[in-house]
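Notes follow once the structure below has been shown.
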Amino acid sequence: MKKTLLAFFAAAMSLFCAPHASAVVIGDFDYSITYFVGYDGPQAVVQGLREGYNPTGALVIPDYVEYEGEQVEVVGLGWFDFTQHEGDDPVIYNCEGITSVTLPASLRILGSNEFVGCPNIKEYKVKAGSRHFKSMDGLLCKAVSYDEDRWELFRYPSGRTDVSFALPVSLESICMGAFASNKYVRKLFLSGSQILEPGWQYDNHTIESIDCSSHNKYSIGDDGAVYYRKGLVALLPGVEYDKFAVSGTLTSVSSGAFCSSNVKTISWSDKLKGIAGKYMFMGSSVETINFKGEAPEVIGMMAFYDCRNLKSIRIGMESDATLTIYESAFRGCESLESVETPEGLKSIDFWHNAFNGCRSLSTFTIDPKAKIEELPVKVFYGCESLESFSFVNVKGLNKQGYQFAGSGLTIVRWPTTLVDIPEGCFADCKKLAKLELKDNTEDIYSYAFARSGLTAVSMRGTEWFATTAFMDCPNLMRIYYPANDRSVVTYTGITFLPDNAQVIINNPKVSDIRRQKDYRMDNVSLYMSMETPGQDIGSGWQRVCAPGRYGSIYRGVTTSPVEEMYYYATYPEEKAVEVTSLMPEVKIKGVTIEGVEAVLTDGKWVAEDAVISDRNMNVTVSYTVSNNPMTTTYEYTYTGVNLTESETDIEIAANEGGHIILTGETGWRVYTTSGLMLLSGHGDEIDLRAATPGIYIIEAGTTRRKIRR
């Protein structure tokens, strides 16, 4: 049958929308103000309801809306039929209070799933002048080809109470979901060559018989199903089956054959290759499908959409083939726990939303040799039981993202084959605690890990991340920049939620550190390993932690408090250095002196084989900050603080067995040599007489020094 309009839409849907579309709430509706190819000026599509609006009574879709001082035609309701929106929720659904619907003459786009779950609509009305829709005795009819005056049934009023319905001879076919939510019609009458389109049964559970006595092709089998010759056309949604056997004598099974069927088990003959075409099992009650022979290698668009009772399935041929899973194929299968694919698959071709909303899916077996060209938009969105997924054979990800948003992933090991992390890819992954990036990772896009469970991230190889990439992560405590070979690494400020968060930088190429000042400033400490930051690091820090002896350099590039991470002194004549942590999170791991690995001996790192010049002493200190490796290098000698001399603004007037007098009143802290803070206070006296005898580090003002108790 010629489908002039449908063919046109199918070819052009992905091209209709120009890139400049705006979302705006006007009155009771949320509109997309869009520019369509072939039309002058903006047009409006209803894409949602105003928050809090629950329509009741007569629902009227307006002809125009006022936008930026001009009247904009309303041409659409819902994006369901557009590319990458297949399977999207309708705009108008589950609204029990609606009793009638009036559409404007300008409307030419109407989502195939609109008005699902609205059981009390008594009639549909279309304003005069429409070429795309019309009302016929309360029925909503859609043009097949308006230039030839050909029409099909789009919606039967869900609130009409007649128990039987004869499709008018002027209508060629029955569209997807035509009887959605109607609880009264039990028998249909078809005549001539009228067609049941795939999914016509969707969201209906009462139609139990069709009179095909005047039909040219269809017949009713002994099992109550509709057949065309040796092909199964449809099970009727009002007929209950405990088990339905797909006979080996069949030559075909039509798309949508089991849509909204009331069947628990489907047994597929091994003489007939498994088929899962468009809308095949959509909205059915099926729990088990037993493909005794070859399981289907192509899973059609929305084939298992909304199959809420399906628990497991085997798909894919047992040969070197490609398994294709089309858009929204398993979307909303909330009980689906496992998907089995065979060994030996050549590749898997996923389409967007394939497993969106499969919240029980915990097992998805994939042959490690099977190639995945791309993971599309929202392919595993909302799979909250899916704790792991191997990216080994994934070649790419669609940049529109949200592939695993809301899933149960606990760890992400990013492969070397992938460069960028797309928008929202792991957003709302509450269980995600660990992220492993590779050196080739470049950019992390908006909301990539927003609201996830991450506690720490190593920006290994990362060049840039969006300001919202880690937005509202309740446990994120630490961002670490290791050394890498990137020529440019850009820091982006983060609003850390926990207190005492850390940004740890062991990479001199990180720029724009000052950006943190635009975010919360009272809970993030900056740790840097370089001799000098080489840039203004801004005022947006709780404190700045510098390497030993470099505190004064850092104070010149920030107004935030500066503290040194460890005490550092050199002893050239002994070929030794003294390095003592001043912070509990800082651990000294090793020292090399003039390229010779030093050994810790009696509190000093000694390299007996080192050759020390008269002026320089090249030393590398290796340490960790919260277990993240850091390295700081020194060229010159630094004299250690002895027990009787003072540094800059601290002078000890007396030290009698641990009773310490300071010059002037100031804030102070006392650390053990392992970096554990022992005491803190404010004033001109420190009492250590109760402390265990030994060496302690006193920090007061901007200076630290050792003291012996």
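The values are calculated or read from the model by the stated rules, or taken from the named source; none is laboratory data. Source: prediction; values computed, not measured. Counting neighbours? That spans all protein chains shown, and the Cβs are built from the backbone with ideal geometry, glycine included. Keep in mind that these areas ignore ligands, DNA and RNA; they rest on the heavy atoms of the full protein, side chains included. Shrake-Rupley method; radii C 1.70, N 1.55, O 1.52, S 1.80 Å.
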I'd like the accessible area for T417, computed on protein heavy atoms only with a 1.4 Å probe and all protein chains in place. Round to 10 Å², please. 80 Å²
If you bin the C-alpha pair distances of the stretch 432-480 every 10 Å from 0, what whole percents do you get? 29, 62, 9
Cα-only radius of gyration and Dmax that characterise the stretch 466-532, units Å: 11.8, 33
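How would K378, K346, K517 line up by accessible area, probe 1.4 Å, largest first?
Values: K378 70, K346 120, K517 95 Å².
Ranking K378, K346, K517 by accessible area, largest first, yields K346, K517, K378.
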To the nearest 10 degrees, how steep is helix 4-16 against the longest Cα principal axis of the chain, on a 0 to 90 scale? 10 degrees
Using only alpha carbon positions, build the gyration tensor of the stretch 19-170, then give the equivalent ellipsoid semi-axes as the square roots of 5 times its eigenvalues, largest first, whole angstrom. 25, 19, 14
Reachable aspartates and glutamates, given that their alpha-carbon falls under 20 Å from the alpha-carbon of K369 and they are not under 8 places away in the same chain: E297, E318, D320, E340, E343, D349
Amide H to amide H, which residues 5 or more places from I207 or on other chains are under 5 Å from it, using H placed in the peptide plane? G238
Convex hull over the alpha-carbon atoms of the stretch 317-377: what's its volume per residue in Å³? 74 Å³
Starting from one equal scatterer on each C-alpha and no solvent at all, send me the Debye-based log10 I(q)/I(0) for the stretch 135-232 at q = 0.17 Å⁻¹, two decimals. -0.74
May I ask you to work out the translational diffusion coefficient for the stretch 86-133 at 25 °C, viscosity 0.890 mPa s, via Stokes-Einstein with Rh from the Kirkwood sum over Cα pairs, reported in whole µm²/s? 211 µm²/s
Based on C-alpha coordinates, I'd like the Rg and Dmax of the stretch 173-214, in Å. 10.1, 27
Over the heavy atoms of I553, what accessible area does a 1.4 Å probe trace out, to the nearest 10 Å²? 70 Å²
Sorted by chain and number, the residues with a modelled amide H under 5 Å from that of T666, at a separation of 5 or more or across chains, are G683, D684
Filtered hits (lysines, Cα-Cα < 27 Å from K575, offset >= 8 within chain) -> K587, K589, K604, K706
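Considering the convex hull of the alpha carbon atoms of the stretch 362-401, report its projected area averaged over all viewing directions, in nm², one decimal. Intermediate values should be presented prior to the final figure.
Values: hull surface 11.6 nm².
Directional mean of the projected Cα hull area for the stretch 362-401 stands at 2.9 nm².
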Identify all lysines with a Cα-Cα distance to K142 below 19 Å; exclude those on the same chain that are fewer than 8 residues away in sequence. K2, K3, K122, K125, K127, K134
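What do you reckon, how do S252, S214 stack up by accessible area (1.4 Å probe), largest on top?
Working: S252 50, S214 75 Å².
The ordering from most to least exposed comes out as S214, S252.
Going by a ≥ b ≥ c, the root eigenvalues of the Cα gyration tensor, does the stretch 362-494 fall in the rounded group (a/c under 1.5), the prolate group (a/b larger than b/c) or the oblate group? Walk me through the intermediate numbers first.
Numbers: a/c = 1.74, a/b = 1.26, b/c = 1.38.
It is oblate, given that a/c is not under 1.5 and a/b is not larger than b/c.
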So with the 1.4 Å probe, I'd like the accessible area per residue for the stretch 135-200, rounded to whole Å². 35 Å²
Debye intensity ratio in log₁₀ form over the Cα atoms of the stretch 82-182, taken at each q of 0.13, 0.14, 0.17, 0.23 Å⁻¹: -0.44, -0.51, -0.76, -1.36
With θ set to phi - 60° and the Karplus curve 6.51 cos²θ - 1.76 cosθ + 1.60, what are the ³J(HN,Hα) couplings of the stretch 472-482 in order, to the nearest whole Hz, using x for Gly and Pro? 6, 8, x, 10, 5, 10, 8, 10, 10, 10, x
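How would R131, R155 line up by accessible area, probe 1.4 Å, largest first? Numbers along the way, then the final one.
Details: R131 135, R155 5 Å².
From most accessible down to least: R131, R155.
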Cα convex hull of the stretch 250-326: mean projected area in nm², to one decimal? 4.6 nm²
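Report, please, the projected area of the stretch 520-631 averaged over directions, based on the convex hull of its C-alpha atoms, in nm².
Details: hull surface 29.9 nm².
Answer in nm², one decimal: 7.5.
How large is the translational diffusion coefficient of the stretch 238-367 in µm² per second when you combine the Kirkwood radius over alpha carbon pairs with Stokes-Einstein at 4 °C and 1.567 mPa s? Walk me through the numbers on the way to the answer.
Details: Rh = 14.4 Å.
After rounding, the answer is 90 µm²/s.
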Quantify, in whole percent, the carbon and sulfur part of the accessible surface of the chain (1.4 Å probe; protein heavy atoms only). 47 percent
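Once the Cα gyration tensor of the stretch 453-564 is diagonalised, what are the square roots of 5 times its eigenvalues, in whole Å and ordered largest first, as equivalent ellipsoid semi-axes? Could the numbers behind the result be given before it?
Values: eigenvalues 83, 56, 28 Å².
Listed largest to smallest, the semi-axes of the stretch 453-564 are 20, 17, 12 Å.
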Let me check the size of the chain from its C-alpha atoms; what are the radius of gyration and Dmax in Å? 35.1, 114
Can you report the principal axis dimensions of the stretch 210-296 using only the alpha carbons, biggest first, rounded to whole angstrom? 37, 24, 23
Given labels modelled 7 Å from the Cα in the Cβ direction, how far is it in nm from A128 to K183? 3.8 nm
Residues other than K575 with Cβ under 10 Å of its Cβ, Lys/Arg counted +1 and Asp/Glu -1, net out at -4
